[in-house]
Amino acid sequence: MEYEYEIFISYAHIDNEPLAEGQRGWVQLLDERLRKRLAQLLGDPPKIWRDPKLQGNDEFSEILVHKISNVALLVSILSPRYLKSEWCVRELDEFCRQAALKGGLTVAGKSRVFKVVKTFTSRDGHPRQVQGLLGYEFYEYDEVSGRAREFSPEIDPNRDARYWEKLEDLAWDIKLQIERLRGSEDEPAAPLDSEESLPINSSAAAIYLAETTYDLSGQRDKIKRELQQRGHQVLPDKELPLRAPAIQEAVRDYLKRSRLSVHLVGENYGIIPEMEVERSVVRLQQELAIERGDDAGFSRLIWMPPGLQPKDERQQKFVADLQNSFMSHNGSELLQVKLEDLKTIIQTRLAQKPKPTPFVSEDAGAARLYLICDQQDIDAVKPLHDYLFDQGYEVTLPLLDGSEAEVLQDHKENLLLCDALLIFQGRASEGWLRMKLRELLKLPGYGRTTPLLAKAVYIGSPESPTKERFKTLDTLVVKNYGDFNPVSFEPFLARISQAQGGSR
(Lines give C-alpha, C1' and ligand atoms only; values in the text may rest on other atoms or scores of the structure.)
Protein backbone atom coordinates (compact mmCIF):
# COMPACT_ATOMS: atom_id res chain seq x y z
CA MET A 1 0.00 0.00 0.00
CA GLU A 2 1.18 3.55 -0.73
CA TYR A 3 1.34 6.20 1.98
CA GLU A 4 1.95 9.93 1.83
CA TYR A 5 4.11 9.70 4.95
CA GLU A 6 6.03 6.77 6.37
CA ILE A 7 6.13 8.12 9.94
CA PHE A 8 3.93 10.42 12.01
CA ILE A 9 5.33 11.63 15.35
CA SER A 10 2.54 12.16 17.89
CA TYR A 11 3.47 14.09 21.02
CA ALA A 12 2.32 16.55 23.65
CA HIS A 13 3.75 19.95 22.84
CA ILE A 14 4.80 20.68 26.40
CA ASP A 15 7.30 17.80 26.02
CA ASN A 16 9.03 19.77 23.27
CA GLU A 17 9.52 22.90 25.33
CA PRO A 18 13.21 23.48 26.23
CA LEU A 19 14.04 23.53 29.92
CA ALA A 20 16.60 26.31 29.46
CA GLU A 21 17.19 29.16 27.08
CA GLY A 22 19.28 28.24 24.07
CA GLN A 23 18.29 24.56 24.11
CA ARG A 24 16.19 22.78 21.51
CA GLY A 25 13.11 20.78 22.31
CA TRP A 26 13.33 17.06 23.17
CA VAL A 27 10.91 16.05 20.40
CA GLN A 28 12.61 18.30 17.86
CA LEU A 29 15.96 16.63 18.58
CA LEU A 30 14.43 13.16 18.32
CA ASP A 31 12.80 14.10 15.01
CA GLU A 32 16.02 15.48 13.51
CA ARG A 33 18.16 12.56 14.66
CA LEU A 34 15.67 9.95 13.50
CA ARG A 35 15.58 11.53 10.05
CA LYS A 36 19.36 11.45 9.73
CA ARG A 37 19.84 7.97 11.16
CA LEU A 38 17.02 6.42 9.13
CA ALA A 39 18.39 8.00 5.97
CA GLN A 40 21.73 6.33 6.73
CA LEU A 41 20.11 2.95 7.45
CA LEU A 42 17.66 2.98 4.53
CA GLY A 43 19.82 4.70 1.92
CA ASP A 44 17.26 7.46 1.32
CA PRO A 45 15.42 9.97 3.55
CA PRO A 46 12.23 8.71 5.20
CA LYS A 47 9.02 10.71 4.87
CA ILE A 48 8.31 11.95 8.39
CA TRP A 49 5.48 14.24 9.45
CA ARG A 50 5.51 16.27 12.64
CA ASP A 51 3.46 19.45 12.69
CA PRO A 52 5.11 21.97 15.03
CA LYS A 53 2.26 24.49 14.57
CA LEU A 54 -0.51 22.41 16.10
CA GLN A 55 -1.75 23.73 19.43
CA GLY A 56 -3.79 22.01 22.10
CA ASN A 57 -6.83 24.17 21.42
CA ASP A 58 -6.90 23.62 17.64
CA GLU A 59 -9.80 21.67 16.28
CA PHE A 60 -9.25 18.06 15.30
CA SER A 61 -9.93 18.87 11.67
CA GLU A 62 -10.78 16.78 8.64
CA ILE A 63 -7.38 17.74 7.22
CA LEU A 64 -5.66 16.06 10.16
CA VAL A 65 -7.83 12.96 9.79
CA HIS A 66 -6.89 12.77 6.12
CA LYS A 67 -3.18 13.07 6.90
CA ILE A 68 -3.30 10.40 9.61
CA SER A 69 -5.08 8.07 7.20
CA ASN A 70 -2.08 8.34 4.87
CA VAL A 71 0.62 7.48 7.44
CA ALA A 72 2.34 4.08 7.56
CA LEU A 73 3.82 4.18 11.09
CA LEU A 74 3.05 6.09 14.26
CA VAL A 75 5.69 7.10 16.82
CA SER A 76 3.74 7.88 19.97
CA ILE A 77 5.78 9.77 22.60
CA LEU A 78 4.22 8.97 25.96
CA SER A 79 4.46 11.25 28.97
CA PRO A 80 2.11 12.31 31.77
CA ARG A 81 0.87 15.18 29.59
CA TYR A 82 0.34 12.89 26.59
CA LEU A 83 -1.95 10.64 28.63
CA LYS A 84 -4.01 13.64 29.76
CA SER A 85 -4.21 15.25 26.31
CA GLU A 86 -7.48 14.60 24.50
CA TRP A 87 -5.75 15.66 21.30
CA CYS A 88 -2.93 13.09 21.61
CA VAL A 89 -5.28 10.28 22.51
CA ARG A 90 -7.46 11.13 19.50
CA GLU A 91 -4.40 11.01 17.22
CA LEU A 92 -3.61 7.53 18.52
CA ASP A 93 -7.23 6.42 18.22
CA GLU A 94 -7.56 7.75 14.70
CA PHE A 95 -4.34 6.15 13.50
CA CYS A 96 -5.39 2.76 14.88
CA ARG A 97 -8.85 3.11 13.33
CA GLN A 98 -7.45 4.03 9.92
CA ALA A 99 -4.78 1.31 10.10
CA ALA A 100 -7.44 -1.31 10.83
CA LEU A 101 -9.24 -0.25 7.65
CA LYS A 102 -6.07 -0.34 5.56
CA GLY A 103 -4.29 -3.63 6.05
CA GLY A 104 -4.26 -3.93 9.84
CA LEU A 105 -2.21 -2.67 12.78
CA THR A 106 0.64 -5.13 12.23
CA VAL A 107 3.11 -5.84 9.47
CA ALA A 108 4.70 -9.29 9.59
CA GLY A 109 3.43 -9.63 13.14
CA LYS A 110 5.04 -6.34 14.25
CA SER A 111 3.01 -3.33 15.36
CA ARG A 112 2.82 -0.19 13.24
CA VAL A 113 2.80 1.83 16.47
CA PHE A 114 6.12 2.56 18.19
CA LYS A 115 5.74 3.40 21.89
CA VAL A 116 8.42 5.88 22.94
CA VAL A 117 8.26 6.68 26.66
CA LYS A 118 9.97 10.01 27.32
CA THR A 119 8.89 10.44 30.93
CA PHE A 120 8.01 7.63 33.33
CA THR A 121 4.35 6.69 33.42
CA SER A 122 2.90 3.61 35.06
CA ARG A 123 2.30 0.81 32.55
CA ASP A 124 -1.28 0.27 33.64
CA GLY A 125 -1.99 3.90 32.70
CA HIS A 126 -0.82 3.55 29.10
CA PRO A 127 -3.49 3.83 26.38
CA ARG A 128 -5.14 0.50 25.61
CA GLN A 129 -3.86 0.63 22.01
CA VAL A 130 -0.26 0.35 23.19
CA GLN A 131 -0.79 -1.91 26.20
CA GLY A 132 1.54 -4.88 25.83
CA LEU A 133 3.86 -3.22 23.30
CA LEU A 134 7.53 -3.12 24.22
CA GLY A 135 8.41 0.51 24.79
CA TYR A 136 11.54 2.51 24.06
CA GLU A 137 12.10 3.99 27.51
CA PHE A 138 14.32 7.06 27.53
CA TYR A 139 14.79 6.99 31.28
CA GLU A 140 16.15 4.84 34.08
CA TYR A 141 13.76 3.73 36.81
CA ASP A 142 15.18 2.94 40.25
CA GLU A 143 13.01 0.21 41.73
CA VAL A 144 14.40 0.84 45.21
CA SER A 145 13.78 4.59 45.44
CA GLY A 146 10.83 4.62 43.03
CA ARG A 147 12.34 7.51 41.07
CA ALA A 148 12.96 7.83 37.35
CA ARG A 149 15.70 9.89 35.67
CA GLU A 150 15.42 10.78 32.00
CA PHE A 151 18.36 10.23 29.64
CA SER A 152 19.92 13.47 28.49
CA PRO A 153 19.64 14.21 24.75
CA GLU A 154 22.39 16.81 24.90
CA ILE A 155 25.78 16.24 23.32
CA ASP A 156 27.70 18.63 25.61
CA PRO A 157 29.13 18.67 28.18
CA ASN A 158 28.60 14.95 28.81
CA ARG A 159 27.10 12.67 26.20
CA ASP A 160 24.61 10.21 27.71
CA ALA A 161 25.34 6.94 25.90
CA ARG A 162 22.04 5.45 27.09
CA TYR A 163 20.04 8.01 25.11
CA TRP A 164 21.95 7.29 21.92
CA GLU A 165 21.70 3.52 22.34
CA LYS A 166 17.93 3.77 22.80
CA LEU A 167 17.69 6.07 19.77
CA GLU A 168 19.62 3.49 17.75
CA ASP A 169 17.24 0.73 18.85
CA LEU A 170 14.25 2.82 17.81
CA ALA A 171 15.78 3.77 14.45
CA TRP A 172 16.76 0.17 13.68
CA ASP A 173 13.30 -1.21 14.43
CA ILE A 174 11.59 1.53 12.41
CA LYS A 175 13.98 0.82 9.55
CA LEU A 176 12.98 -2.86 9.57
CA GLN A 177 9.29 -1.98 9.58
CA ILE A 178 9.68 0.48 6.70
CA GLU A 179 11.51 -2.20 4.71
CA ARG A 180 8.65 -4.63 5.40
CA LEU A 181 6.14 -2.06 4.17
CA ARG A 182 8.17 -1.23 1.09
CA GLY A 183 8.59 -4.93 0.38
CA SER A 184 4.85 -5.52 0.63
CA GLU A 185 4.36 -3.08 -2.25
CA ASP A 186 6.17 -5.55 -4.50
CA GLU A 187 4.11 -8.49 -3.19
CA PRO A 188 0.51 -7.20 -2.99
CA ALA A 189 -0.93 -10.69 -2.61
CA ALA A 190 0.57 -11.11 0.86
CA PRO A 191 -1.56 -9.59 3.68
CA LEU A 192 0.21 -7.01 5.82
CA ASP A 193 -0.27 -8.98 9.01
CA SER A 194 1.15 -12.18 7.53
CA GLU A 195 3.98 -13.87 9.44
CA GLU A 196 5.57 -15.11 6.23
CA SER A 197 7.66 -12.01 5.60
CA LEU A 198 9.41 -11.83 8.95
CA PRO A 199 12.90 -10.36 8.41
CA ILE A 200 14.40 -13.04 10.63
CA ASN A 201 16.95 -15.51 9.39
CA SER A 202 15.03 -18.77 9.12
CA SER A 203 18.14 -20.69 10.16
CA ALA A 204 18.73 -18.46 13.19
CA ALA A 205 17.43 -19.60 16.56
CA ALA A 206 14.90 -17.78 18.72
CA ILE A 207 16.32 -16.64 22.07
CA TYR A 208 14.45 -15.87 25.27
CA LEU A 209 16.31 -12.90 26.76
CA ALA A 210 14.76 -12.68 30.20
CA GLU A 211 13.55 -9.36 31.55
CA THR A 212 15.94 -8.09 34.21
CA THR A 213 16.32 -5.37 36.83
CA TYR A 214 17.05 -1.74 35.97
CA ASP A 215 20.75 -1.99 36.95
CA LEU A 216 21.31 -4.43 34.05
CA SER A 217 18.86 -2.96 31.53
CA GLY A 218 21.68 -1.39 29.53
CA GLN A 219 23.54 -4.69 29.27
CA ARG A 220 20.35 -6.46 28.23
CA ASP A 221 19.72 -3.86 25.52
CA LYS A 222 23.23 -4.39 24.11
CA ILE A 223 22.75 -8.16 23.92
CA LYS A 224 19.32 -7.77 22.35
CA ARG A 225 20.59 -5.28 19.78
CA GLU A 226 23.41 -7.56 18.67
CA LEU A 227 21.20 -10.66 18.47
CA GLN A 228 18.61 -8.85 16.36
CA GLN A 229 21.26 -7.51 14.02
CA ARG A 230 22.45 -11.08 13.52
CA GLY A 231 18.93 -12.08 12.44
CA HIS A 232 17.74 -13.78 15.64
CA GLN A 233 14.25 -13.43 17.00
CA VAL A 234 14.49 -12.11 20.57
CA LEU A 235 11.68 -12.90 22.98
CA PRO A 236 9.67 -11.62 24.75
CA ASP A 237 8.55 -9.35 21.93
CA LYS A 238 5.75 -7.85 24.06
CA GLU A 239 5.60 -6.53 27.60
CA LEU A 240 5.15 -9.24 30.20
CA PRO A 241 1.79 -9.12 32.02
CA LEU A 242 1.51 -7.63 35.50
CA ARG A 243 0.03 -10.66 37.30
CA ALA A 244 2.07 -13.74 38.19
CA PRO A 245 -0.26 -16.39 36.62
CA ALA A 246 -0.35 -14.48 33.33
CA ILE A 247 3.43 -13.99 33.44
CA GLN A 248 3.93 -17.73 33.89
CA GLU A 249 1.66 -18.54 30.96
CA ALA A 250 3.36 -16.01 28.67
CA VAL A 251 6.91 -17.01 29.64
CA ARG A 252 6.16 -20.73 29.17
CA ASP A 253 4.94 -19.97 25.66
CA TYR A 254 8.03 -17.88 24.84
CA LEU A 255 10.37 -20.55 26.22
CA LYS A 256 8.64 -23.25 24.21
CA ARG A 257 9.52 -21.29 21.05
CA SER A 258 13.14 -20.69 22.11
CA ARG A 259 16.31 -22.70 21.75
CA LEU A 260 18.20 -20.77 24.42
CA SER A 261 17.28 -18.61 27.40
CA VAL A 262 19.62 -15.98 28.82
CA HIS A 263 19.11 -14.61 32.34
CA LEU A 264 20.95 -11.56 33.71
CA VAL A 265 21.12 -11.43 37.51
CA GLY A 266 22.14 -8.13 39.09
CA GLU A 267 22.39 -6.38 42.44
CA ASN A 268 18.64 -5.80 42.86
CA TYR A 269 15.94 -8.36 43.55
CA GLY A 270 13.43 -6.76 41.21
CA ILE A 271 9.68 -6.33 41.09
CA ILE A 272 7.41 -8.93 42.69
CA PRO A 273 4.36 -9.27 40.42
CA GLU A 274 0.76 -9.20 41.59
CA MET A 275 -0.56 -12.44 43.10
CA GLU A 276 2.97 -13.56 43.98
CA VAL A 277 4.22 -13.65 47.56
CA GLU A 278 8.02 -13.46 47.31
CA ARG A 279 9.39 -14.43 43.90
CA SER A 280 10.50 -11.57 41.68
CA VAL A 281 9.93 -11.51 37.93
CA VAL A 282 13.64 -12.33 37.47
CA ARG A 283 13.41 -15.39 39.70
CA LEU A 284 10.12 -16.56 38.15
CA GLN A 285 11.64 -16.54 34.65
CA GLN A 286 14.68 -18.47 35.82
CA GLU A 287 12.55 -21.16 37.48
CA LEU A 288 10.32 -21.45 34.42
CA ALA A 289 13.40 -21.98 32.26
CA ILE A 290 14.38 -24.90 34.52
CA GLU A 291 10.84 -26.24 34.16
CA ARG A 292 11.20 -26.01 30.37
CA GLY A 293 13.46 -29.07 30.53
CA ASP A 294 15.84 -30.44 27.94
CA ASP A 295 13.65 -31.22 24.98
CA ALA A 296 14.42 -29.90 21.50
CA GLY A 297 17.97 -28.91 22.40
CA PHE A 298 16.94 -26.14 24.81
CA SER A 299 19.56 -24.73 27.20
CA ARG A 300 19.96 -21.88 29.65
CA LEU A 301 22.65 -19.30 30.48
CA ILE A 302 22.67 -17.39 33.76
CA TRP A 303 25.02 -14.40 33.92
CA MET A 304 26.17 -12.29 36.86
CA PRO A 305 28.58 -9.36 36.52
CA PRO A 306 32.05 -10.04 37.97
CA GLY A 307 32.27 -8.75 41.52
CA LEU A 308 28.49 -8.69 41.96
CA GLN A 309 27.39 -7.30 45.36
CA PRO A 310 23.64 -7.92 45.94
CA LYS A 311 21.94 -5.02 47.70
CA ASP A 312 19.32 -6.68 49.90
CA GLU A 313 18.88 -9.95 51.76
CA ARG A 314 16.47 -11.44 49.22
CA GLN A 315 18.91 -10.94 46.38
CA GLN A 316 21.83 -12.14 48.49
CA LYS A 317 19.95 -15.38 49.13
CA PHE A 318 18.94 -15.74 45.47
CA VAL A 319 22.53 -15.28 44.29
CA ALA A 320 23.88 -17.63 46.96
CA ASP A 321 21.35 -20.28 45.95
CA LEU A 322 22.48 -19.99 42.33
CA GLN A 323 26.18 -20.13 43.16
CA ASN A 324 26.08 -22.89 45.76
CA SER A 325 23.30 -25.14 44.51
CA PHE A 326 23.43 -24.64 40.76
CA MET A 327 22.58 -27.84 38.94
CA SER A 328 22.93 -28.36 35.22
CA HIS A 329 19.77 -28.57 33.19
CA ASN A 330 20.55 -29.51 29.60
CA GLY A 331 23.59 -27.37 28.98
CA SER A 332 22.77 -24.72 31.57
CA GLU A 333 25.67 -22.59 32.74
CA LEU A 334 26.26 -20.09 35.52
CA LEU A 335 28.70 -17.45 34.28
CA GLN A 336 30.57 -14.54 35.85
CA VAL A 337 32.52 -13.15 32.93
CA LYS A 338 32.79 -9.84 31.10
CA LEU A 339 29.76 -8.80 29.03
CA GLU A 340 31.69 -9.14 25.77
CA ASP A 341 32.66 -12.69 26.72
CA LEU A 342 29.02 -13.46 27.52
CA LYS A 343 28.02 -12.29 24.03
CA THR A 344 30.71 -14.53 22.54
CA ILE A 345 29.48 -17.50 24.58
CA ILE A 346 25.90 -16.87 23.42
CA GLN A 347 26.97 -16.84 19.78
CA THR A 348 29.10 -19.95 20.29
CA ARG A 349 26.18 -21.75 21.90
CA LEU A 350 23.82 -20.77 19.09
CA ALA A 351 26.32 -21.86 16.45
CA GLN A 352 26.84 -25.27 18.01
CA LYS A 353 25.42 -28.29 16.24
CA PRO A 354 24.60 -31.56 18.00
CA LYS A 355 27.86 -33.31 18.74
CA PRO A 356 28.41 -37.00 17.99
CA THR A 357 28.29 -39.21 21.04
CA PRO A 358 31.78 -39.73 22.41
CA PHE A 359 32.73 -43.40 22.63
CA VAL A 360 35.72 -45.61 23.22
CA SER A 361 36.16 -48.63 20.99
CA GLU A 362 38.66 -51.47 21.05
CA ASP A 363 40.59 -49.79 18.25
CA ALA A 364 40.33 -46.29 19.69
CA GLY A 365 44.03 -46.11 20.58
CA ALA A 366 45.32 -44.22 23.61
CA ALA A 367 42.70 -43.20 26.15
CA ARG A 368 42.25 -39.44 26.44
CA LEU A 369 42.81 -38.13 29.96
CA TYR A 370 41.95 -34.54 30.88
CA LEU A 371 44.21 -33.28 33.69
CA ILE A 372 42.55 -30.19 35.21
CA CYS A 373 44.65 -27.79 37.24
CA ASP A 374 44.83 -24.11 38.11
CA GLN A 375 47.47 -21.95 36.46
CA GLN A 376 49.45 -21.65 39.70
CA ASP A 377 49.76 -25.48 39.82
CA ILE A 378 50.94 -25.97 36.24
CA ASP A 379 54.54 -26.71 37.32
CA ALA A 380 53.46 -29.02 40.13
CA VAL A 381 51.55 -31.33 37.76
CA LYS A 382 54.54 -31.94 35.47
CA PRO A 383 55.68 -35.21 37.17
CA LEU A 384 52.10 -36.48 37.08
CA HIS A 385 51.66 -35.44 33.45
CA ASP A 386 54.91 -37.15 32.43
CA TYR A 387 54.03 -40.36 34.29
CA LEU A 388 50.59 -40.66 32.71
CA PHE A 389 52.01 -40.00 29.26
CA ASP A 390 54.67 -42.70 29.80
CA GLN A 391 51.86 -45.10 30.76
CA GLY A 392 50.31 -44.62 27.30
CA TYR A 393 47.62 -42.01 27.99
CA GLU A 394 46.92 -39.00 25.79
CA VAL A 395 47.02 -36.26 28.44
CA THR A 396 45.47 -32.83 27.88
CA LEU A 397 46.04 -29.83 30.13
CA PRO A 398 43.72 -26.79 30.34
CA LEU A 399 44.18 -23.85 27.99
CA LEU A 400 45.87 -21.13 30.01
CA ASP A 401 46.34 -18.43 27.35
CA GLY A 402 43.45 -16.73 25.58
CA SER A 403 40.27 -14.83 26.37
CA GLU A 404 37.85 -16.00 29.04
CA ALA A 405 35.46 -17.19 26.34
CA GLU A 406 38.18 -19.19 24.54
CA VAL A 407 39.38 -20.79 27.79
CA LEU A 408 35.83 -21.73 28.76
CA GLN A 409 35.03 -23.18 25.34
CA ASP A 410 38.24 -25.25 25.29
CA HIS A 411 37.49 -26.53 28.79
CA LYS A 412 34.03 -27.72 27.79
CA GLU A 413 35.33 -29.39 24.64
CA ASN A 414 37.88 -31.29 26.73
CA LEU A 415 35.15 -32.39 29.14
CA LEU A 416 33.19 -33.78 26.18
CA LEU A 417 36.04 -35.56 24.46
CA CYS A 418 38.06 -37.04 27.32
CA ASP A 419 37.75 -40.68 28.41
CA ALA A 420 38.87 -40.07 32.00
CA LEU A 421 39.30 -37.01 34.16
CA LEU A 422 41.67 -35.97 36.94
CA ILE A 423 41.42 -32.78 39.02
CA PHE A 424 44.71 -31.65 40.62
CA GLN A 425 44.62 -29.31 43.62
CA GLY A 426 47.87 -27.95 44.99
CA ARG A 427 47.91 -24.22 45.65
CA ALA A 428 44.44 -23.70 44.17
CA SER A 429 41.74 -22.73 46.67
CA GLU A 430 38.98 -24.89 48.10
CA GLY A 431 36.48 -22.72 46.17
CA TRP A 432 38.24 -23.56 42.90
CA LEU A 433 38.05 -27.29 43.69
CA ARG A 434 34.35 -27.10 44.56
CA MET A 435 33.64 -25.27 41.31
CA LYS A 436 35.41 -27.97 39.30
CA LEU A 437 33.50 -30.72 41.09
CA ARG A 438 30.20 -28.96 40.36
CA GLU A 439 31.15 -28.88 36.70
CA LEU A 440 31.13 -32.69 36.69
CA LEU A 441 27.41 -32.49 37.41
CA LYS A 442 26.97 -30.46 34.24
CA LEU A 443 28.48 -32.99 31.84
CA PRO A 444 25.11 -34.26 30.53
CA GLY A 445 24.06 -30.67 29.99
CA TYR A 446 27.19 -29.96 27.98
CA GLY A 447 26.16 -32.77 25.64
CA ARG A 448 28.07 -35.74 27.05
CA THR A 449 26.00 -38.91 26.82
CA THR A 450 28.56 -41.53 27.89
CA PRO A 451 30.04 -41.89 31.40
CA LEU A 452 33.69 -41.26 32.14
CA LEU A 453 35.86 -44.35 32.45
CA ALA A 454 37.16 -42.93 35.73
CA LYS A 455 37.45 -39.66 37.61
CA ALA A 456 39.60 -38.65 40.56
CA VAL A 457 40.81 -35.75 42.66
CA TYR A 458 44.56 -35.58 43.38
CA ILE A 459 45.36 -33.36 46.37
CA GLY A 460 49.00 -32.33 46.65
CA SER A 461 51.11 -29.96 48.73
CA PRO A 462 50.95 -27.69 50.60
CA GLU A 463 49.16 -29.64 53.30
CA SER A 464 46.33 -27.95 55.17
CA PRO A 465 43.52 -28.86 57.61
CA THR A 466 40.96 -28.13 54.89
CA LYS A 467 42.60 -30.59 52.53
CA GLU A 468 42.78 -33.21 55.25
CA ARG A 469 39.04 -32.85 55.91
CA PHE A 470 38.10 -33.13 52.25
CA LYS A 471 36.00 -36.20 51.37
CA THR A 472 33.60 -37.07 48.57
CA LEU A 473 31.71 -40.19 47.52
CA ASP A 474 31.46 -39.04 43.93
CA THR A 475 35.10 -39.46 42.87
CA LEU A 476 38.25 -41.28 43.92
CA VAL A 477 40.44 -39.08 46.15
CA VAL A 478 44.25 -39.37 46.19
CA LYS A 479 46.21 -37.34 48.77
CA ASN A 480 49.98 -37.00 48.54
CA TYR A 481 51.81 -34.04 50.05
CA GLY A 482 55.32 -35.26 49.23
CA ASP A 483 57.08 -36.16 45.98
CA PHE A 484 54.96 -37.85 43.36
CA ASN A 485 54.57 -41.59 44.02
CA PRO A 486 53.17 -43.74 41.18
CA VAL A 487 51.89 -46.29 43.71
CA SER A 488 49.28 -43.82 44.96
CA PHE A 489 47.90 -43.65 41.44
CA GLU A 490 47.34 -47.34 40.86
CA PRO A 491 43.64 -47.37 41.98
CA PHE A 492 42.78 -44.65 39.44
CA LEU A 493 44.56 -46.40 36.56
CA ALA A 494 42.98 -49.70 37.60
CA ARG A 495 39.52 -48.17 37.25
CA ILE A 496 40.33 -47.00 33.72
CA SER A 497 41.65 -50.44 32.81
CA GLN A 498 38.61 -52.16 34.27
CA ALA A 499 36.23 -49.86 32.38
CA GLN A 500 38.10 -50.63 29.16
CA GLY A 501 37.60 -54.37 29.74
CA GLY A 502 41.03 -55.02 31.19
CA SER A 503 42.80 -54.03 27.98
CA ARG A 504 45.55 -52.16 29.82
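Worth a mention:
- Residues in the stretch 444-468 that are hydroxyl-bearing (Ser, Thr, Tyr), in contact (Cβ under 8 Å) with a residue 24 or more places away in the chain and open to solvent by 30 Å² or more (accessible area, probe 1.4 Å) were compared, and the one that is farthest from Leu421 (Cα to Cα) is Thr466.
- Some residue of the stretch 251-264 being touching a Leu at 6+ places or on another chain (Cβ under 9 Å), hydroxyl-bearing (Ser, Thr, Tyr), surrounded by 14 or more Cβ atoms within 10 Å (Cβ to Cβ) and part of a helix (DSSP H, G or I): yes
- Taking residues in the stretch 469-486 that are within 12 Å of Ile459 (Cβ to Cβ) and part of a loop (DSSP other than H, G, I, E, B), and partners anywhere that are open to solvent by less than 50 Å² (accessible area, probe 1.4 Å) and among the β-branched types (Val, Ile, Thr), the pairs with Cβ atoms closer than 6 Å and at least 6 places apart or on different chains are Thr475/Val457.
- Residues in the stretch 409-441 that are farther than 18 Å from Leu369 by Cα and in contact with an Asp or Glu (Cβ under 7 Å, 6 or more places away or on another chain): 4 in all.
- Pairs with Cβ under 6 Å, 6+ apart, first in the stretch 390-401 and in a loop (DSSP other than H, G, I, E, B), second open to solvent by 60 Å² or more (accessible area, probe 1.4 Å) and not aliphatic (A, V, I, L, M): Leu400/Gln375
- Residue list for the stretch 278-320, filter: in a helix (DSSP H, G or I), more than 20 Å from Glu211 (Cβ to Cβ) and open to solvent by less than 60 Å² (accessible area, probe 1.4 Å): Gly297, Ala320
- Test: residue in the stretch 432-443 that is among the basic types (Lys, Arg), part of a loop (DSSP other than H, G, I, E, B) and buried (at least 18 other Cβ atoms within 10 Å of the Cβ): yes
- Tallying residues that are modelled with pLDDT of 90 or more and either among the polar types (S, T, N, Q) or surrounded by fewer than 20 Cβ atoms within 10 Å (Cβ to Cβ) (or both) within the stretch 393-406 yields 5.
- Pick from the stretch 280-313, criterion over 26 Å from Leu339 (Cβ atoms) and among the charged types (D, E, K, R), ranking: farthest from the chain's Cα centre (by Cα): Glu313
- Among the residues of the stretch 151-179, those identified as open to solvent by 30 Å² or more (accessible area, probe 1.4 Å) and more than 24 Å from the chain's Cα centre (by Cα) are Ser152, Glu154, Ile155, Asp156, Pro157, Asn158, Arg159, Glu179.
- Filtered by the rule that a residue be within 30 Å of Leu301 (Cβ to Cβ) and surrounded by fewer than 17 Cβ atoms within 10 Å (Cβ to Cβ), the stretch 474-496 gives a lone residue, Asp474.
- Scanning the stretch 226-241 for residues that are surrounded by 15 or more Cβ atoms within 10 Å (Cβ to Cβ) and either part of a helix (DSSP H, G or I) or aliphatic (A, V, I, L, M) (or both) yields a count of 5.
The values are calculated or read from the model by the stated rules, or taken from the named source; none is laboratory data. None of these values were measured; they are calculated from a predicted model. Here the Cβ is made from the backbone with ideal geometry for all residues, glycine too, and neighbour counts use every protein chain on show. Quick note on the areas: whole protein, heavy atoms, side chains included, nothing else; ligands and nucleic acids left out. Shrake-Rupley method; radii C 1.70, N 1.55, O 1.52, S 1.80 Å.
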